[in-house]
Structure formats: structure tokens, C-alpha cells
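The structure appears right after this line, and notes come after that.
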Amino acid sequence: MSVRTGPLEGTEDLESLRTHLDAVDAELLDTIRERLETCLRIGEYKRVNDVAMMQPHRIAAVQGRAARYAEEHGIDPAFLRRLYDTIIAETCRLEDEWIASGGTGAGAPQRRAS
């Protein structure tokens, strides 16, 4: 992976770097939650419109986009493949539960109070 490195700024110490990492992690987790919520909305569309839950061409498109991103940004493509395999498996599980429940919300991620 190509990492932007260089001399540490005078104000950067381990604690400030970890604080920044914690903020990045919080954003990542919020983004994953938002992705799951969007997938449930897609599941509702599929349920209402009698569309098959499994869409292999869509999974291939998402995996292809992740592979291109990996290549363009110097990230190990096998890592992003494993990451997306996990994310896609969870979204399929949630969509399956959503559709099977008749859209009652079983399995839906809970939104935190803002």
C-alpha cells in the first residue's frame, strides 16, 4: 500500500495520531451503518416489487469497483475482496431477513439518537 509519510509535524505525537485514527474509525462505522440501512431500503424495494434478493451481476460490479479502487490506491486487492465479501454477506443476510419478515424491520440496524 502506498502510504503518505514524511516527517512528523511538530504537533503530532502518538496520542494525537490515535485520536485521529479513532475519528476515522467512527466515520467508517457510521458509513457501514448507512450502507446497511440503504441495503434494507433496497430489500424493501425488492420485497414490494418481487425482485430476487440475490443479484450476482450487482455483486460482481461492486467487487469490480473495489478491485479498481485497490489498484488505483495501492491497497492489497485481496484485502478489499475479503472486506467486501464480509460486507456483502451481511447485507444479503439482512435483506433476506427483511424480505422474509414482510418488511417488519427484523434484523434492521438500529439508528442512534443524534
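The values are calculated or read from the model by the stated rules, or taken from the named source; none is laboratory data. All values derive from a computational prediction rather than experimental measurement. No Cβ is skipped: glycine too gets one built from the backbone with ideal geometry, and neighbour counts run over all protein chains shown. Each accessible area value is taken on the protein alone, full model and side chains, heavy atoms only, with ligands, DNA and RNA left out. Shrake-Rupley method; radii C 1.70, N 1.55, O 1.52, S 1.80 Å.
Which of the peptides 74-81, 92-99 is most tightly packed, and how do the rest follow, going by the mean number of other Cβ atoms within 10 Å of each residue? Provide the component values of the computation, followed by the final result.
Details: 74-81: 13.0, 92-99: 17.9.
For the peptides 74-81, 92-99, the packing ranking is 92-99, 74-81.
Surface analysis of segment 46-110 yields an accessible area of 64 Å² per residue, using protein heavy atoms and a 1.4 Å probe. The Cα center of segment 38-92 and the Cα center of segment 17-37 differ in position by 19 Å. The residues neighbouring residue 89, those whose beta-carbon lies less than 15 Å from its own, together hold a net charge of 0 under the Lys/Arg +1, Asp/Glu -1 convention.
Computed from label points 7 Å out along Cα-Cβ, the spacing between residue 27 and residue 63 is 2.9 nm.
Give me the percent of accessible area attributable to carbon and sulfur for segment 18-112, probe 1.4 angstrom.
57 percent
Summing Lys and Arg as +1 and Asp and Glu as -1 over all other residues whose Cβ lies under 13 Å from the Cβ of residue 47 gives a net charge of -3.
Counting heavy atoms of the protein chains alone, residue 22 has an accessible area of about 100 Å² for a 1.4 Å probe.
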